[in-house]
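Below is one structure; the comments refer to it alone.
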Amino acid sequence: MPKVPARSAEPWIPAGANLAQLESAVRNCEGCDLYRHATQAVFGAGRAGARIMMLGEQPGDREDVEGKPFVGPAGKLLDRALNASGIDRTGVYVTNTVKHFKFVERGKRRIHQKPTAPEIAACRPWLEAELSVVRPLVLVCLGATAAQAMLGRNFRITRERGRFVEHPLVRYVTSTAHPSSILRIPEPDRRHEEYRLFVEDLVQVREKLEELQGGRSA
Ligand code: URA
Ligand code: SF4
């Protein structure tokens, strides 16, 4: 059988673009089918030169409506944890592995669905463009989708979380839990414990950054 060519965002990415130009270009992307049902593409937020990049999975329901990453409940938890870890939020760029919300409709609710490996691969050029403009020192993968996109499909967060791995696209990649997975834990004790571990991982990120910058604060 002839092989179907892999889909890719590549043709929509303007060469040499800055973040604002990339953000307007992503609105036209048809690199995979996820643009068809989502309200809009959600690009990353933050400034070029941010030392830390946080990589989620995909925009959620709120993000899809507002057009900004991590503005819903998961984003609130992330902000609180960044604050608790002593990381300066203005030095953080946040984005997602795929830029369109993938969901199924159940009555009035839109239920998040995991992006597939071909969708993640199709969207990756946007992430590479963001990395080459922002040039962070540490990329923090939030959850398995981000970690597997950056570190390969055999990567297991449960086993490797908190480790710092050198990477061809960024000085260090590390991974931790996804804020949404913490919010979904029903028992308060376990949820608080997972939140505490999440903050602990972010403290490690701050310390790594301080080490890389020779003692200057993150
Ligand atoms: N979850 C994500 O992975 N990204 C967002 O932007 C919001 C929720
Ligand atoms: Fe393009 Fe990524 Fe959206 Fe697919 S998910 S249409 S590749 S921006």
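The values are calculated or read from the model by the stated rules, or taken from the named source; none is laboratory data. Values in this document were obtained by computation on a predicted structure and should not be read as measured data. Positions of Cβ are generated from backbone atoms using ideal geometry, with glycine treated the same way; all protein chains shown enter the neighbour counts.
Miscellaneous remarks
- Selection status of VAL42, crowded, with 21+ Cβ neighbours inside 10 Å and within 12 Å of ligand 1 (Cβ to nearest atom): yes
- Every test in (1) modelled with pLDDT of 95 or more; (2) away from ligand 2 (no atom under 16 Å from the Cβ); (3) in contact with a helix residue (DSSP H, G or I) (Cβ under 6 Å, 6 or more places away or on another chain) is passed by PHE155 save one, and that test is (1).
- Among residues of segment 19-77 being β-branched (Val, Ile, Thr) and either in contact with a Cys (Cβ under 7 Å, 6 or more places away or on another chain) or in a loop (DSSP other than H, G, I, E, B) (or both), the one that is farthest from ILE87 (Cα to Cα) is THR39.
- Qualifying residue in segment 46-61 (condition: near ligand 1 (Cβ under 10 Å from one of its atoms), acidic (Asp, Glu) and surrounded by fewer than 23 Cβ atoms within 10 Å (Cβ to Cβ)): yes
- Qualifying residue in segment 106-127 (condition: under 30 Å from PRO14 (Cα atoms), buried (at least 19 other Cβ atoms within 10 Å of the Cβ), within 18 Å of the chain's Cα centre (by Cα) and free of Cβ contacts under 8 Å to residues at least 60 places away in the same chain): yes
- Tally, over segment 70-119, of residues that are out of contact with any Phe, Trp or Tyr (no Cβ under 9 Å at 6 or more places or on another chain), closer than 23 Å to ALA48 by Cα and within 12 Å of ligand 2 (Cβ to nearest atom): 1
- Residue satisfying all of: in segment 89-103; among the polar types (S, T, N, Q) and surrounded by 22 or more Cβ atoms within 10 Å (Cβ to Cβ); nearest to ligand 1 (Cβ to nearest atom) among these: ASN96
- Restricting attention to segment 108-119 and to residues that are under 20 Å from GLU63 (Cβ atoms) and not in a loop (DSSP other than H, G, I, E, B), the residue that is farthest from ligand 1 (Cβ to nearest atom) turns out to be ARG109.
- Candidates ARG191, ARG196, ARG163, ARG156 - the one that is free of Cβ contacts under 8 Å to residues at least 40 places away in the same chain, under 21 Å from VAL98 (Cα atoms) and basic (Lys, Arg): ARG156
- One residue stands out among those in segment 20-39 that are more than 9 Å from ligand 2 (Cβ to nearest atom), touching a residue at least 60 places away in the same chain (Cβ under 8 Å) and out of contact with any strand residue (DSSP E or B) (no Cβ under 9 Å at 6 or more places or on another chain): the one that is nearest to GLU57 (Cα to Cα), which is THR39.
- Subset of segment 78-90 that is part of a helix (DSSP H, G or I) and modelled with pLDDT of 95 or more - its residue that is nearest to ALA146 (Cα to Cα): LEU78
- Take the conditions (1) more than 12 Å from ligand 1 (Cβ to nearest atom); (2) within 24 Å of ARG171 (Cβ to Cβ); ALA84 misses just one of them, which is (2).
- Residues of segment 104-138 that turn out to be among the β-branched types (Val, Ile, Thr), touching a strand residue (DSSP E or B) at 6+ places or on another chain (Cβ under 9 Å) and over 18 Å from ALA38 (Cβ atoms), as a count: 2
- Selection from segment 140-152 of residues that are away from ligand 2 (no atom under 16 Å from the Cβ) and either under 17 Å from LYS208 (Cβ atoms) or in contact with a Pro (Cβ under 8 Å, 6 or more places away or on another chain) (or both): VAL140, CYS141, LEU142, ALA147, LEU151
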